[in-house]
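Working notes for the structure below.
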Amino acid sequence: MKVKSLIIVVTCILSISCSEKRNKDFAKSEFVFIKPGTYKIGSPLGEKGRWPKGEEDIREVKTSGFYISRTEITEQEYYSVVDSSKCESASGNLPVVNVSWLEALQYCNLRSRQEGLQEVYDIPAKDNIELKDINIIQGANGYRLPNIDEWEIACRAGSRTPYYTGKSISSKQANYNSSGRMAVASFPPNKFGMYDMCGNVCEWCYKNEYFAMYKGGSWNSSDIQYLRSGSVGFTDANTKNNYTGFRIAVNDMPNIKK
């Protein structure tokens with residue numbers, strides 16, 4: 001039985017800032033709560049632009065509920081955690097890019113530690129880390145990347161069309177095939193209140209595979225097919241470029257009414 005999803009937007013204050021005076025433009029992260037339930041994800045075989053070797057068929061998945069950041073992590077959100085010396089000159093509105101999949105995981109662990117949460121990822125302290133070297137710490141309550149299924153649940157927001165906007169998407173609804181990044185939340189959100197799930201920057205996701213995965217398409221996507229909810233890309237865990245960023249998830253937020 002399908003469960004109608006509900007959302008709750010909450011605000012979490014970062015434990016540190018770029019300077020002694022907290023910058024209110026980047027000191028907050030808004031999260032949307034995705035209710036527990038069963039959701040349909042995946043793309044039909046005949047969907048235009050579908051990559052048969054990489055995308056999964058339509059299926060039902062269950063979730064026990066999770067929180068996911070309403071927007072992509074901005075430059076200031078990122079550097080306020082990993083390198084405060086770069087934070088003052090960083091943008092509070094542009095999504096961070098040139099961050100590898102592995103660095104996104106490290107950000108999650110570091111932010112968890114700074115906020116008194118348990119690190120989710122067991123990342124070995126060595127050079128040339130491979131995906132198979134990373135393990136998830138069961139029961140940890142810290143920040144993490146959304147997994148592939150969670151990301152698509154949040155993106156689709158209950159829709160079964162190729163895009164959460166319907167059968168197509170336009171430049172008035174997402175940033176793609178353009179000259180660069182735009183400020184987060186520049187376009188209308190989907191029905192779950194999520195911004196930029198299609199376009200702006202591709203977003204790292206977690207899955208225990210041999211390659212790092214990303215979804216969503218970006219400003220650099222020349223065709224809207226890459227913005228489809230079911231579309232997925234694969235690359236090396238250390239890849240960095242100017243069109244891939246990420247958003248974060250967390251299993252629970254204590255003292256928040258669901």
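The values are calculated or read from the model by the stated rules, or taken from the named source; none is laboratory data. Quick caveat, the model's predicted, so the values are computed rather than measured. Don't worry about glycine lacking a Cβ; one is built from the backbone with ideal geometry, like all the others, and counts go over all protein chains shown. Protein only, heavy atoms only, side chains kept; ligands, DNA and RNA dropped before computing areas. Shrake-Rupley method; radii C 1.70, N 1.55, O 1.52, S 1.80 Å.
Out of TYR39, TYR143, one residue alone is in contact with a Ser or Thr (Cβ under 6 Å, 6 or more places away or on another chain) and either in contact (Cβ under 8 Å) with a residue 12 or more places away in the chain or over 27 Å from ASN242 (Cβ atoms) (or both). It is TYR143. Scanning region 232-249 for residues that are at pLDDT 95 or above and within 19 Å of ASP149 (Cβ to Cβ) gives PHE246, ARG247, ILE248, ALA249. Consider GLU150 carefully, then state whether it is at pLDDT 95 or above, within 27 Å of ASN109 (Cα to Cα) and either assigned to a loop (DSSP other than H, G, I, E, B) or open to solvent by 10 Å² or more (accessible area, probe 1.4 Å) (or both). When the stated conditions are applied, GLU150 passes them.
Residues in region 150-174 that are among the basic types (Lys, Arg), touching a residue at least 60 places away in the same chain (Cβ under 8 Å) and more than 17 Å from ASN200 (Cα to Cα): ARG160 only.
Inside region 78-108, residues that are open to solvent by less than 50 Å² (accessible area, probe 1.4 Å), over 20 Å from TYR121 (Cβ atoms) and among the acidic types (Asp, Glu) make up a count of 0.
Residues of region 126-147 being modelled with pLDDT of 90 or more and among the β-branched types (Val, Ile, Thr), which ones? Show your work before the answer.
To start, the set of residues in region 126-147 that are modelled with pLDDT of 90 or more comprises 134-147.
ILE134, ILE136, ILE137 - these are the residues of region 126-147 that are modelled with pLDDT of 90 or more and among the β-branched types (Val, Ile, Thr).
Here GLU119 meets the list (1) within 19 Å of the chain's Cα centre (by Cα); (2) touching a residue at least 40 places away in the same chain (Cβ under 8 Å); (3) surrounded by fewer than 22 Cβ atoms within 10 Å (Cβ to Cβ) almost entirely, failing just condition (2).
Listed conditions (1) at pLDDT below 95; (2) part of a loop (DSSP other than H, G, I, E, B); (3) among the hydrophobic types (A, V, I, L, M, F, W, C) are all met by MET197, apart from (1).
Every test in (1) more than 26 Å from TYR226 (Cα to Cα); (2) in a helix (DSSP H, G or I) is passed by GLU103 save one, and that test is (1). For region 214-237, residues that are surrounded by 23 or more Cβ atoms within 10 Å (Cβ to Cβ), in contact with a helix residue (DSSP H, G or I) (Cβ under 6 Å, 6 or more places away or on another chain) and either of a type outside the set (S, T, N, Q) or not in a loop (DSSP other than H, G, I, E, B) (or both) total 2. Would you confirm, using the coordinates I've provided, whether GLY158 is under 30 Å from TRP219 (Cα atoms) and open to solvent by 40 Å² or more (accessible area, probe 1.4 Å)? Criteria met by GLY158. Scanning region 27-49 for residues that are within 21 Å of the chain's Cα centre (by Cα) and either exposed (fewer than 14 other Cβ atoms within 10 Å of the Cβ) or not hydrophobic (A, V, I, L, M, F, W, C) (or both) yields LYS28, SER29, GLU30, LYS35, PRO36, GLY37, THR38, TYR39, LYS40, GLY42, SER43. Taken together, the criteria place LYS207 among residues that are over 13 Å from THR244 (Cβ atoms) and modelled with pLDDT under 95. Within the bounds of region 64-76, is there any residue that is among the hydroxyl-bearing types (Ser, Thr, Tyr), open to solvent by 10 Å² or more (accessible area, probe 1.4 Å), touching a residue at least 40 places away in the same chain (Cβ under 8 Å) and farther than 25 Å from ASP252 by Cβ? No, there is no match, as no residue in region 64-76 is among the hydroxyl-bearing types (Ser, Thr, Tyr), open to solvent by 10 Å² or more (accessible area, probe 1.4 Å), touching a residue at least 40 places away in the same chain (Cβ under 8 Å) and farther than 25 Å from ASP252 by Cβ.
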